[in-house]
Amino acid sequence: MAVALWSLRRIGAALVTLVVVSVLIFASVRLMPGDYIDLVLGPLATEAQRAQAVAESGLDDPVVAQYFHWLSGVLTGDLGYSFVSNVSVTDEFAARLPVTATIALLTIIVTLLVGIPLGFSAALRSEGSAGAVGRIVSALGISIPEFLLAGVVVFAVSTLGLGVSVGRFAPFAVDPARFFGALVLPVTVLAVGCVAVVARNTRDAVMNVLVEPHVQAAVARGETPWFIIRHHVLRNAAAPILTIVGALIAVLLGGTVIVEFVFNIPGMGSYLQTALGRRDYAIVQSAVLLAAIVFIVASLLVDLIANALDPRLRLTGGSRR
Amino acid sequence: MHTAARAGVAMSAIAVLALTGCAAGASPDTEPTQEEAAPGFLALADDAFDDGGDLVVQVDYDTAEAGGLDPQGAATARSWMLEGLSYETLTTIDENLDVAPSLATSWKTPSDTEYVFTLADDAVFSNGRAMTAADVAGSLQRLIDTPTTWTGQLGPIASIEETGDLEVTVTLSEPYAPFLAALANTPAAVLPMAEIEAGEIDITTEMVGTGPLVATAHRQDEEWTFKPNEHHPDAASLGFSTLTIDIVGDEATRAAALRDGSADFAVLNSIDSAELLANAQEVSVVGQKNTDFHYLMINSLTGDEALQDEDVRFAINSAIDRDAINELAFGGSTAATGVTPAGLPDSCLAADLPSAAHDVAAAKAVIDEVGGLELDLVVYTDEPVLAQIAQVMQQNLAEIGVTVEIQQVDYATYSDQVYGSPATFDLALSWFAGYADPAMVTTWWNPEVAGFSAVFMKGSDELDGLIADGYSTEPGADRAAVFENLCAVADEQSEMVPLVLRPSTIGWNTESLSPTLSSDEGYGNFLRYITQFRAS
């Protein structure tokens with residue numbers, strides 16, 4: 001019963017957050033300087049052309065009416081139409097979302113496969129030069145922003161070749177090899193920071209568990225290191241690691257905007273950036289709302305799973321004592 | 001991983017960074033070449049080159065007009081180029097920027113206001129219907145009846161008549177020298193008017209022209225694919241089987257694609273890209289001259305109050321070192337210009353402008369009189385060279401006591417600040433398409449005609465009169481004299497100040513493509529000779 005109540009409260013909070021976010025998104029987009037009409041018609045357009053475009057795009061309605069029109073559309077699955085291409089935003093998202101989801105999924109997989117073992121390794125060998133090098137590399141990985149790393153990679157490829165392609169993306173249905181080939185560099189760039197973050201947090205989480213009395217007792221009983229990790233460390237360290245992986249989803253949402261643009265990948269990130277530059281409101285609003293939904297749902301799932309793994313969190317409202 | 005192995009990885013990473021740095025500075029002479037392969041051409045397609053392959057071109061941005069794909073509403077250079085693959089015009093521009101025949105195989109001018117066009121008898125729209133005189137007359141009439149940006153460039157058209165099966169006569173209400181040049185750009189394309197009027201074709205979503213290519217797919221801001229128009233006279237001799245145009249926003253990515261062969265041809269814009277590709281044996285990078293030019297806007301209406309004074313504006317103008325801009329931002333590959341683009345017939349000489357004396361002391365004295373100035377200078381981030389020009393100007397103006405704060409913003413913000421009412425900037429940089437006749441761009445110095453410039457400049461009756469004279473005077477010495485005067489007056493008023501021409505940097509993969517590329521261009525159409533390209 002307590003679990004159900006806690007979960008309902010958590011879901012209710014997530015819904016309220018979404019409504020607030022939708023208002024903030026709508027207001028933010030409208031408050032940005034410059035608008036679609038000026039951009040697409042250009043400075044040479046006549047007043048009559050502007051008036052016609054404003055009327056055709058519904059931008060002459062009161063802003064509040066525009067918000068509720070958009071919100072009602074969202075609730076019924078109609079995200080509107082791109083001002084520029086006049087194509088349904090839902091259709092555009094359907095074509096691009098799988099690409100971004102694949103990038104994010106691959107990045108998460110690489111992050112988990114590399115970051116968690118690295119973190120464990122660093123925790124178990126925290127003393128000495130190996131631990132120091134690990135900390136430096138980890139700090140470097142966390143510090144380098146995606147746009148810089150992506151720029152360096154493209155620069156290296158454009159000056160040295162290196163036998164790696166940065167262009168010619170193809171949809172999976174057309175050419176699976178080219179699809180995955182085009183994602184190698186973006187995923188690598190995104191994974192660098194994520195691996196560093198997960199390795200660092202895994203190391204800290206594991207080290208925190210290693211000093212707890214029950215682990216010390218197990219060591220005193222002469223249990224093997226692998227047995228101690230499996231039976232005493234993994235479960236206790238899982239919750240903080242899971243939390244940081246959830247937070248990484250937000251990082252990835254921002255990171256894909258950069259890497260998709262730089263590596264010419266037609267996903268949600270590059271689409272959002274282009275739409276933002278053109279003040280293509282329907283796309284920007286819906287894409288940011290979608291990102292918020294993904295983040296909120298991911299956070300919710302992480303909380304629910306963490307609670308299942310560690311019941312103490314329920315009693316403390318989510319914080320560890 | 002052992003410590004030694006970790007150190008090795010770190011050292012490798014450092015080595016890669018060092019190598020990339022070395023490569024960038026490998027050659028001290030890496031400006032894009034402007035050397036001609038033949039008079040008027042930077043490259044000529046080699047007939048012996050293996051052909052019939054897929055041609056992949058990467059460009060920096062897509063079409064995005066409110067009117068969709070309707071060529072009459074095309075307002076940017078990329079739209080002119082992309083839509084120009086499927087549409088043709090009555091006239092075209094040759095490698096010398098002279099007007100040449102296209103859908104009109106010839107024309108006569110019985111008087112200085114009358115043009116009689118003889119039409120090609122083998123022009124067929126991509127839907128298989130032969131072009132008629134009614135299509136030509138109807139297309140021009142549509143452009144007049146539904147005004148777009150280009151309508152004003154066509155001049156004072158009094159009537160358009162079909163005077164034969166393959167003959168159309170256009171009568172102007174007064175002489176207008178740029179008329180034939182204005183017909184040469186995509187917005188003046190000939191459309192399948194019968195189908196449009198019958199509602200059988202939505203010209204905003206489908207391109208049906210007499211041009212060499214037919215669009216088969218388009219994803220906005222992502223990709224275009226074209227196939228040959230089987231009805232075009234050059235269809236059988238096209239040197240490629242399909243054309244893909246990728247929209248790739250990042251310049252370094254386009255350079256990398258040229259190197260790894262995933263693109264055959266790309267517009268690079270920045271001369272720095274030539275340096276990026278300096279050690280790529282299989283990539284050629286050239287600088288195509290353009291009549292386009294960069295200019296400075298000085299807001300005399302709603303900017304700093306001191307900018308309402310013509311002497312202050314002229315002091316700013318005369319402190320700008322065009323040669324320094326050319327050297328530092330363009331590697332010496334361009335040239336200073338006046339209102340009429342340098343290099344076009346009858347254009348004024350930048351060296352003859354009043355501001356060319358570059359009298360820093362005199363300029364400083366004017367600024368000292370108003371107690372010095374602190375101004376903002378707005379540029380947009382899509383065009384990185386604008387920031388480079390701004391930095392040179394910042395140093396120039398510091399010498400005369402003007403402190404400049406450079407603001408780099410996205411284009412939407414820029415548009416709001418510069419073209420919004422009221423305009424909220426002191427100084428701003430941008431560029432104009434220069435077209436193919438020196439009179440055409442002068443229009444923008446008349447705020448009443450241009451519209452967009454009315455929010456930041458006053459203009460003058462004197463200048464408006466000279467602009468009108470430039471239009472109506474036949475090419476030759478008389479027109480050159482008008483332009484010399486026009487350039488000088490605009491220079492003294494210093495509301496929109498021309499700086500330097502805006503060349504294009506273009507690259508192609510020599511292993512996979514043999515292109516034809518003119519040395520100069522008036523409408524930003526570097527695929528003008530696409531029918532001669534040969535891709536393996």
> Out of all the residues in the stretch B:395-415, which are surrounded by 21 or more Cβ atoms within 10 Å (Cβ to Cβ), more than 22 Å from the chain's Cα centre (by Cα) and in a helix (DSSP H, G or I)?
Replying inline: B:N396, B:L397
>> Give all pairs with beta carbons closer than 9 Å in which a residue from the stretch B:85-101 that is on the phi > 0 side of the Ramachandran plot meets a residue that is in a loop (DSSP other than H, G, I, E, B) and surrounded by 21 or more Cβ atoms within 10 Å (Cβ to Cβ); count only pairs at least 6 apart in sequence or on separate chains.
In response: B:L97/B:T291; B:L97/B:L344; B:L97/B:A436; B:L97/B:D437; B:L97/B:G522
> Going through the stretch A:25-39 one residue at a time, which ones are out of contact with any helix residue (DSSP H, G or I) (no Cβ under 9 Å at 6 or more places or on another chain) and over 30 Å from B:A75 (Cβ atoms)?
Replying inline: none
> Quick one: which of B:S270, B:S300, B:S262 is within 19 Å of the chain's Cα centre (by Cα), polar (S, T, N, Q), farther than 30 Å from B:E88 by Cβ and part of a loop (DSSP other than H, G, I, E, B)?
Replying inline: B:S270
> Out of all the residues in the stretch A:247-265, is one or more within 12 Å of chain B (Cβ to nearest Cβ), assigned to a loop (DSSP other than H, G, I, E, B), in contact with an Asp or Glu (Cβ under 6 Å, 6 or more places away or on another chain) and not hydroxyl-bearing (S, T, Y)?
Replying inline: no
> Hey, which of the strands (runs of 3 or more DSSP E) in the stretch B:150-242, taking only ones fully inside, have at least 2 residues that are farther than 18 Å from B:D70 by Cα?
Replying inline: B:157-164, B:167-172, B:223-228
> What is the one condition in (1) among the aliphatic types (A, V, I, L, M); (2) crowded, with 20+ Cβ neighbours inside 10 Å; (3) at pLDDT below 95; (4) assigned to a helix (DSSP H, G or I) that B:L17 does not satisfy?
Replying inline: (2)
> Which condition breaks for B:L429 when tested against (1) touching a helix residue (DSSP H, G or I) at 6+ places or on another chain (Cβ under 6 Å); (2) at pLDDT below 95; (3) not in a helix (DSSP H, G or I)?
Replying inline: (2)
>> Six or more apart or on different chains, Cβ atoms under 6 Å: show the pairs whose first residue is in the stretch A:96-120 and on the phi > 0 side of the Ramachandran plot and whose second is surrounded by fewer than 17 Cβ atoms within 10 Å (Cβ to Cβ).
In response: none
> When the residues of the stretch B:152-175 are filtered to those that are in contact (Cβ under 8 Å) with a residue 40 or more places away in the chain and closer than 23 Å to B:I201 by Cβ, which remaining residue is surrounded by the fewest Cβ atoms within 10 Å (Cβ to Cβ)?
Replying inline: B:L166
> Taking B:V392, is it touching a Ser or Thr at 6+ places or on another chain (Cβ under 7 Å) and either hydrophobic (A, V, I, L, M, F, W, C) or assigned to a helix (DSSP H, G or I) (or both)?
Replying inline: no
> In the stretch A:1-75, which helices (runs of 4 or more DSSP H) lie fully inside it and hold 1 or more residues that are away from chain B (no Cβ under 14 Å)?
Replying inline: A:2-31, A:63-75
>> I'm trying to understand the selection: among the residues of the stretch B:329-374, which are farther than 28 Å from B:D272 by Cα, β-branched (V, I, T) and part of a loop (DSSP other than H, G, I, E, B)?
In response: B:V370
> Can you pull out the residues in the stretch B:191-208 that are surrounded by fewer than 15 Cβ atoms within 10 Å (Cβ to Cβ) and within 14 Å of B:S139 (Cβ to Cβ)?
Replying inline: B:E197
> What are the residues in the stretch A:206-222 that are loosely packed, with under 15 Cβ neighbours inside 10 Å, on the phi < 0 side of the Ramachandran plot and more than 35 Å from the chain's Cα centre (by Cα), if any?
Replying inline: A:P213, A:H214, A:Q216, A:A217, A:V219, A:A220, A:R221
> Which numbered condition trips up A:N86, out of (1) in a helix (DSSP H, G or I); (2) free of Cβ contacts under 8 Å to residues at least 24 places away in the same chain; (3) within 14 Å of chain B (Cβ to nearest Cβ)?
Replying inline: (1)
> buried (at least 22 other Cβ atoms within 10 Å of the Cβ) and within 12 Å of chain A (Cβ to nearest Cβ), is that true of B:L277?
Replying inline: yes
>> Can you list residue pairs whose Cβ atoms sit under 6 Å apart, with the first residue in the stretch B:441-467 being among the polar types (S, T, N, Q) and the second being outside any helix (DSSP H, G or I)? Count only pairs 6 or more apart in sequence or on different chains.
In response: B:T442/B:V339; B:N446/B:G459
>> Let me confirm something: among B:T92, B:T105, which residue is part of a strand (DSSP E or B) and more than 26 Å from B:W431 (Cβ to Cβ)?
In response: B:T105
>> Looking at A:F172 and the list (1) in a helix (DSSP H, G or I); (2) under 23 Å from the mean Cα position of the chain (by Cα); (3) farther than 30 Å from B:L277 by Cβ, which single condition is not satisfied?
In response: (1)
> How many of the residues making up the stretch B:219-250 are within 14 Å of chain A (Cβ to nearest Cβ), without any contact (Cβ under 8 Å) to a residue 60 or more places away in the chain and either closer than 16 Å to B:D54 by Cβ or touching a Phe, Trp or Tyr at 6+ places or on another chain (Cβ under 8 Å) (or both)?
Replying inline: 3
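The values are calculated or read from the model by the stated rules, or taken from the named source; none is laboratory data. Everything numeric here is computed off the predicted structure, so don't read it as measured data. Don't worry about glycine lacking a Cβ; one is built from the backbone with ideal geometry, like all the others, and counts go over all protein chains shown.
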